[in-house]
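The values are calculated or read from the model by the stated rules, or taken from the named source; none is laboratory data. Quick caveat, the model's predicted, so the values are computed rather than measured. Every residue, glycine among them, receives a Cβ derived from its backbone with ideal geometry; neighbour counts consider all protein chains shown. With ligands, DNA and RNA removed, areas are computed over all heavy atoms of the protein, side chains included. Shrake-Rupley method; radii C 1.70, N 1.55, O 1.52, S 1.80 Å.
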Amino acid sequence: MQIFLLILAGIVGGIIGGMGMGGGTLLIPILTIFLDVPQKNAQAINLVAFIPMAIIVTIINIKRKGIDYKSVLLVATPALITSVISALLVKKISSRALSVGFAVFLIILGVIMMIDTLRKCIYAYMNKCKEVYTLND
């Protein structure tokens, strides 16, 4: 049963990752909360699982001509450097601190997404109201 649940977690993470949202956003909580995988192991699994997902998505985006190569260099270079530094630092952090940090990150991300969605809804509503009042004048 554990193997089935791990495969299911991978499928969910892959689907979310393929949609453009980080698959780890769901994969790590699924592994740690529901499958009792230690936080450091869950993050390592997520990073390894990310490699094939990133390769496939990159190939698809190359075919669609959806990659700005100048931007890739500007983003990838600091990302690679900070990834190496983070991987070295995570060895010194307890699993509990890592779990709390990841939870805080997800909460902040959720709040930012909620505010952005509300802002877009209010903007769309206000524009619709302007159209209604303009048509009736």
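So which residues in segment 116-127 are closer than 22 Å to Gly24 by Cα and open to solvent by 80 Å² or more (accessible area, probe 1.4 Å)?
Selection gives nothing.
Please determine, by comparing only the residues of segment 66-76 that are open to solvent by 70 Å² or more (accessible area, probe 1.4 Å) and assigned to a helix (DSSP H, G or I), which one is nearest to Lys40 (Cα to Cα).
The residue in question is Val75.
Kindly list the number of the only condition in (1) in contact with a Leu (Cβ under 9 Å, 6 or more places away or on another chain); (2) touching a residue at least 12 places away in the same chain (Cβ under 8 Å) that fails for Val37.
If we test Val37 against (1) in contact with a Leu (Cβ under 9 Å, 6 or more places away or on another chain); (2) touching a residue at least 12 places away in the same chain (Cβ under 8 Å), just (2) comes out false.
Just for segment 54-65: of the residues that are closer than 18 Å to Gly24 by Cα and without any contact (Cβ under 8 Å) to a residue 40 or more places away in the chain, which one is least open to solvent (accessible area, probe 1.4 Å)?
Ala54
Out of segment 86-98, which residues are more than 18 Å from Gly24 (Cβ to Cβ) and assigned to a helix (DSSP H, G or I)? Let's see the steps before the verdict.
Of all residues in segment 86-98, those more than 18 Å from Gly24 (Cβ to Cβ) come to 88, 91-92, 94, 96.
Result: Leu88, Arg96.
List pairs: first residue in segment 99-114 and part of a helix (DSSP H, G or I), second residue open to solvent by less than 70 Å² (accessible area, probe 1.4 Å) and of a type in the set (S, T, N, Q) anywhere in the structure, Cβ distance under 6 angstrom, at least six positions apart or on different chains.
So the pair list comes out as Ser99/Gln39.
Step by step: first the residues of segment 86-112, then only those that are modelled with pLDDT under 90 and open to solvent by 90 Å² or more (accessible area, probe 1.4 Å), then the one that is farthest from the chain's Cα centre (by Cα). Which residue is that?
Lys92
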